[in-house]
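Right, one structure below, let's go through it.
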Amino acid sequence: MGNIDNFFDTGRDALQEVEQRLQMPRREFLQFCATVAATLGLPAGAEAAVAKAVEAAKRPSVIWLHFQECTGCSESLLRAEHPTLEKLILDVISLDYHETLMAAAGHQAEAARKEAMKANKGKYVLVVEGAIPTKANGIYCKVGGHTAIDLLKECAADAAAVIAIGSCASWGGMPSTIPSISGADSSPTGSAGVAEILGKPVMTIPGCPPNPYNFLAAVVHFLTFGKLPELDKLGRPKFAYSRLIHENCERRAHFDAGRFAMEFGDSGHRQGYCLYKLGCKGPETYANCSTLGFGDAGENNWPVGCGHPCIGCSEKGVGFTKPIHQVAKMLNVTPPLQYPRIVEEQGKAASFASAAAVAAVAGAAAGAAVMLTRNLGLSHAAEEAERAKAAAGSGKTATDDKAGA
Amino acid sequence: MANHNHAAPAPVGGSLVNAITLTCGVLIALMVAILLVRFLFGLGAVTALNDGYPWGIWVVVDVVIGSAFACGGFSVAMLVYIFNKGEYHPLVRPALLASLFGYTLAGAGVIFDLGRWWNVWQMFNPWSFNPNSVMFEVAVCITLYIIVMWIEFSPVMLEQFGKAEAKRKVGRAMFFFIALGTVLPMMHQSSLGTLLVVLGVQIHPLWQTPIQPLLYLLTAITMGYAVVLFESCLTSTAYRRKIETHMLTPLAKIMLGFLAVYLVVRVADLVLRGALPKAFVPSVEALTFWIEMLSLIAPLFLIGAESNRRNPARLFLAGVLLMLGGAMLRLNGFLIGYETNVGDAGGFSYFPTLAEVLVTAGMFAIEVLGYIIITRRFPVLPREAATH
Amino acid sequence: MGTRRDFLKGVLAGGAAATACVASAPVAARETHPRPPEALGLLYDGTLCVGCKACVAACKTANDNPAEFSTLDHLWDTPLDTSGYTFNLIKMYRNGTMDAKDQEVNGFAFMKTSCMHCGDPSCVSACPVSAMTKDPVTGVVGYNPDKCIGCRYCVAACPFGIPKYQYDSPTGRIGKCELCRHRHKDGHYSACAEVCPTGATLFGKTSDLQAEAKRRLAMKPGEMNRFPRGHLRPAQEKALQGKPDGKGERHRHGWRDEPDQSYETQAGKYLQHVYGEKEYGGTQVLKLSGVNFQKMGMPDLPPDAAAALSETIQHSLYGGLLMPFAVLGAMTYVAKRNVKPDDDESGKEGS
């Protein structure tokens, strides 16, 4: 991590302030910054920037809306350790509206929200948890007499950034996949995600629930750099959602070797074999569950690690749509570099020595043949000449002397 | 019965140590060393054989071409004993000697090319052998023929060692072995060609045909006569004896007869199968095809005229060209025109290693050395009152 | 001249012998052997294959074969082709930008390479010592190293280039897929089919696999369908559904107990050709592909097996050894007349 003093040559006061404010020893605080930076995939040394950002006295305002949700995403956040949620909401950000966590209720709560929005106009972060019903003008979800659609539009208008946390807010989630009674394609309440309602892209942190650090790291990135991290075309931060579960799964070797659990509890299942044949959706789900794990207990603490196939909860079209035990489609079939082609060049090329030897033999044979032919020709010509002379000399004609048996 | 106006066979005599025999000795020594490595470490250690080319020059040159070169004995025996042309009698022993060595070495060549040579007896085990296999028939025929040739050549040895009684006994049964010695080569030389049939589409259309046996048999007979021309001229020059033109000239005419039949059959087959156009598409195969064809056609022009057949230079050259052409037919069929089929194109290539070339050279060196030793020390060539 | 008469006699004798053999030789053209009715085999569906190579790993384990390396770091089994130590391989077809799977232009595709277990195998016909044999019931082409002489005629004969010799060993043997016949007694079928996650390699009776292949060719691309995995359960077994078959046993065709692993997925785009249906009279391993088979390394073969032609020639010429003995008889007769016992004697000339 480097020498702490290198980071804070002018900021020793600031650091002491942070210590006091966060009630966190220096080392712990810097470790938090390092962890966040690592989760974001930032280069080495970036933890310094993170530390500086967090030191800043003014805590940004956050408005958190709940719609068609189970509050699982908030619960997931409650399990975070670094920072713990209370540190986050009390010292890092100013959580000005959160229906589950705030003490106020009723008109008081709504008034607090309006005040925060006015005071921080254009600067607050809007976080949305839960899907938004659209059927019948959205009457299926109302808070304080206002529909979810109206609330969302009102709060999003002056927000600096909109973050949809959880699959429900990201793309509609489970509420959106329940087929209506008439068997039509949409859900009974017409649940939709935030981006669909607002008609503009937002950052989405899908998952059911998502790993809290995906959210936390994205928020800290925003605080540090003033902008959201790089997003894919579905609004998901690439540092968490650019890879398939399958690509980083700890059971991948079993898949590649063909070792599969066929039934829950069979010997393969007990040995931790791949769960593809049980319907694991890892091959078509983009998320980082396989690398991060849940509950701050590290890798291997996620559904597959516990022996249940991934259900693709973060992926629209997969999670809560495809049956849990239906075989997944392999999205990424790009084979590794070392893959035999249909035709591979094989066989040793002619060595210089052997090519030379063959050429030498051929040459010698040809040369000898030519020489012998020549010699035979010469001796034959000589013989013929002699015979002709003898024939001419003795008066015989050439025909009498035809060579015969 | 024909006239025998020639001298009886006698050893040529003279020193066995000269530049040629010494060179042969060195090549043989190298070959033995390489074969030792082959048997200790496997074929891959000394050859360039690979999964795409299971047969290299040890099979194609030493065995297939080598045995074809050794057909002199068979061709001459047919001429002398079946067609009763006694005037060629003096050619029998030297031709037989060359054949003997050629075939024995071809057989030895098979052994060291076999990957599991210790199981070779299975070929003669009635519980194992497969009569459907062309290779089975080739192997058994060649084995029998080698034995027959040693029997046919035994009178030479018996004569040299003064075993007159034994020689007489063998002589009485000789007619049967001679007959066998004409049938067996017809069988296996033609079947060497049939070996290619099961390879199917892997052989280039210029060389894949159901009439393989006929093509290989005709070329084998023709090559037999060509080898006689070649060896006779070579030996006469080497031992400074008179060229036996009185026999070689009419022999060459017979050779041309077989050659003509072969060429007609070969071209007709190419035309009827529609394969001839491939010879005009520029490729390595087209090139080697023309080398083969032109080598075989040239002798018709070289020694077509009677007067040319009296010229030993032309006879020798025609013989060499025919040997080359016949060898090319086999090289093309087994090696150059062979490709393990992998759909669009194959990826394997083969070129013999230096070790493979040296072993082949060593095999031919044994033949040359053996020929020299036996002709100089045993009664093979007709006695000649010549200076040497 | 006298010699001419003798010459003509010789020709006549030879001609008579030849005619005798041609007349007497059984002119039975050997028909291409069909696949036996209970033949076992595989169905490889290239559109289902995802190139995971689980089958390559499983085959190595099942046959106790060592890894082969083609990279600098000798860490992974990376053979470039089947060999004396690699009996099964997945090869990849690549074209252009390799955008989509099973696309011939600018796409990529996979092809399994292993023994086709031909109905009329060239290797079995070629082998002089019957080291390559075809089981009369299951049709599996097996290899026996104890008989093999290592002549590599099978290597040359196979049009698919499957049998391969172990050149690196002084006691090398031929290696090729034998359909895991050594595991059949334990109820295991081909390892490649057992482990395939997508059912791209399917084991079963060739007649059943043939029907399955036709069923797939009739599917519309993209249409959801049910695909079996592991081994193909014939219709009869499905009907029994585990009920007693009246003979006191749950009828499972001798293979190990395993759940029905069939699953639903979208059908791929197939070339309307079942490779192995007609080639060389039919092979027991059938293949389906979205890309042209020749581009995938499968040779274009005629419906008549080369072995049939080779054996027809051999039997016509040598069937029952009739012709050889006829010719030998003729030659012996002529030679006896022409060869005098003292013909070879030195010194007695001028007769």
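A residue that is in contact (Cβ under 8 Å) with a residue 24 or more places away in the chain and basic (Lys, Arg) occurs nowhere in segment C:141-162.
When B:TYR338, B:TYR371 are checked against the criterion of being within 30 Å of C:ASN95 (Cβ to Cβ), more than 10 Å from chain A (Cβ to nearest Cβ) and within 22 Å of the chain's Cα centre (by Cα), a single residue qualifies: B:TYR338. Residues of segment A:162-188 that are at pLDDT 90 or above and farther than 16 Å from A:GLU315 by Cα: A:VAL162, A:ILE163.
For segment A:260-273, the criterion of being in contact (Cβ under 8 Å) with a residue 40 or more places away in the chain, under 15 Å from A:GLU247 (Cα atoms) and outside the structural domain of A:SER176 (by TED's automatic domain parsing) is satisfied by no residue at all.
Those residues that are free of Cβ contacts under 8 Å to residues at least 12 places away in the same chain and within 10 Å of chain A (Cβ to nearest Cβ), I need them from segment C:81-99; list them, please.
Step one: filter segment C:81-99 for residues free of Cβ contacts under 8 Å to residues at least 12 places away in the same chain, giving C:96-99.
Within segment C:81-99, just C:MET98 meets the criteria.
Quick one: in segment C:100-132, which of the residues that are aliphatic (A, V, I, L, M) and away from chain B (no Cβ under 14 Å) is surrounded by the fewest Cβ atoms within 10 Å (Cβ to Cβ)? First the steps, then the outcome.
In the first step, residues of segment C:100-132 are kept if they are aliphatic (A, V, I, L, M); the result is C:100, C:105, C:109, C:111, C:116, C:124, C:126, C:129, C:131-132.
Going one step further and asking which of them are away from chain B (no Cβ under 14 Å), we end up with C:100, C:105.
On the way: C:ALA100: 13, C:VAL105: 10.
For segment C:100-132, the residue satisfying everything is C:VAL105.
Just one of the listed residues (A:VAL318, A:VAL333, A:VAL304) is surrounded by 13 or more Cβ atoms within 10 Å (Cβ to Cβ), modelled with pLDDT under 80, away from chain B (no Cβ under 14 Å) and under 60 Å from the mean Cα position of the chain (by Cα), and it is A:VAL333.
Considering only helices (runs of 4 or more DSSP H) fully contained in segment A:26-110, which possess at least 3 residues that are in the same structural domain as A:VAL194 (by TED's automatic domain parsing), crowded, with 19+ Cβ neighbours inside 10 Å and under 28 Å from the mean Cα position of the chain (by Cα)?
Values: elements: A:26-40, A:46-55, A:72-78.
Output list reads A:72-78.
One residue stands out among those in segment C:167-187 that are surrounded by fewer than 21 Cβ atoms within 10 Å (Cβ to Cβ) and within 19 Å of C:LYS112 (Cβ to Cβ): the one that is nearest to the other protein chains (Cβ to nearest Cβ), which is C:ARG183. Condition first: surrounded by fewer than 23 Cβ atoms within 10 Å (Cβ to Cβ), on the phi < 0 side of the Ramachandran plot and in contact with a Phe, Trp or Tyr (Cβ under 6 Å, 6 or more places away or on another chain). Can you find one or more residues in segment B:62-74 that meet it? Checked segment B:62-74: no residue is surrounded by fewer than 23 Cβ atoms within 10 Å (Cβ to Cβ), on the phi < 0 side of the Ramachandran plot and in contact with a Phe, Trp or Tyr (Cβ under 6 Å, 6 or more places away or on another chain).
Can you pull out the residues in segment A:339-386 that are within 7 Å of another protein chain (Cβ to nearest Cβ) and among the β-branched types (Val, Ile, Thr)? Correct list: A:ILE342, A:VAL343, A:VAL358, A:VAL361, A:THR373.
Counting only residues that are assigned to a helix (DSSP H, G or I) and at the interface with chain C (Cβ under 7 Å from one of its Cβ atoms), how many does segment B:187-212 have? First the steps, then the outcome.
We begin by selecting, within segment B:187-212, every residue assigned to a helix (DSSP H, G or I); these are B:187-194, B:197-202, B:212.
Now narrow it down to the ones that are at the interface with chain C (Cβ under 7 Å from one of its Cβ atoms): B:187, B:194, B:197-202.
Matching residues across segment B:187-212 total 8.
None of B:LEU234, B:LEU270 is touching a residue at least 60 places away in the same chain (Cβ under 8 Å) and more than 12 Å from every other protein chain (Cβ to nearest Cβ) except B:LEU270.
Aromatic (Phe, Trp, Tyr), more than 25 Å from B:TRP121 (Cβ to Cβ) and within 11 Å of another protein chain (Cβ to nearest Cβ): does that describe B:PHE83? Judged against the criteria, B:PHE83 is a match.
Scanning for something under 20 Å from A:GLU315 (Cα atoms), within 26 Å of the chain's Cα centre (by Cα) and part of a helix (DSSP H, G or I), does segment A:125-148 turn up at least one residue?
no
Scan A:HIS325, A:HIS380, A:HIS308 and give me the residue that is out of contact with any strand residue (DSSP E or B) (no Cβ under 7 Å at 6 or more places or on another chain), in a helix (DSSP H, G or I) and not hydrophobic (A, V, I, L, M, F, W, C). If you could, list the steps in order and put the result at the bottom.
On the way: A:HIS325 fails: in a helix (DSSP H, G or I); A:HIS308 fails: in a helix (DSSP H, G or I).
Every option except A:HIS380 fails the conditions.
Cβ-Cβ contacts under 6 Å between residues 6 or more apart (or on different chains), taken from a first residue in segment B:138-158 that is surrounded by 20 or more Cβ atoms within 10 Å (Cβ to Cβ) to a second residue that is assigned to a helix (DSSP H, G or I) and among the basic types (Lys, Arg), are listed as B:PRO155/B:LYS167. So, C:ILE162, is that one part of a loop (DSSP other than H, G, I, E, B) and within 7 Å of chain B (Cβ to nearest Cβ) or not? No, not satisfied. With respect to the conditions (1) more than 20 Å from B:PRO213 (Cα to Cα); (2) assigned to a helix (DSSP H, G or I), B:VAL271 lacks only one, and its number is (1).
Every condition in (1) part of a helix (DSSP H, G or I); (2) surrounded by fewer than 22 Cβ atoms within 10 Å (Cβ to Cβ); (3) away from every other protein chain (no Cβ under 14 Å) is met by A:CYS208 except one, and the failing one is (1). Report yes if B:VAL134 is within 22 Å of C:CYS148 (Cα to Cα), surrounded by 24 or more Cβ atoms within 10 Å (Cβ to Cβ) and within 12 Å of chain C (Cβ to nearest Cβ), otherwise no. Taking the combined requirement at face value, the residue satisfies it.
The values are calculated or read from the model by the stated rules, or taken from the named source; none is laboratory data. A quick note: this is a predicted structure, and the numbers were derived from the prediction, not measured. In this analysis, Cβ positions are derived from the backbone assuming ideal geometry, glycine residues included, and neighbour counts consider all displayed protein chains.
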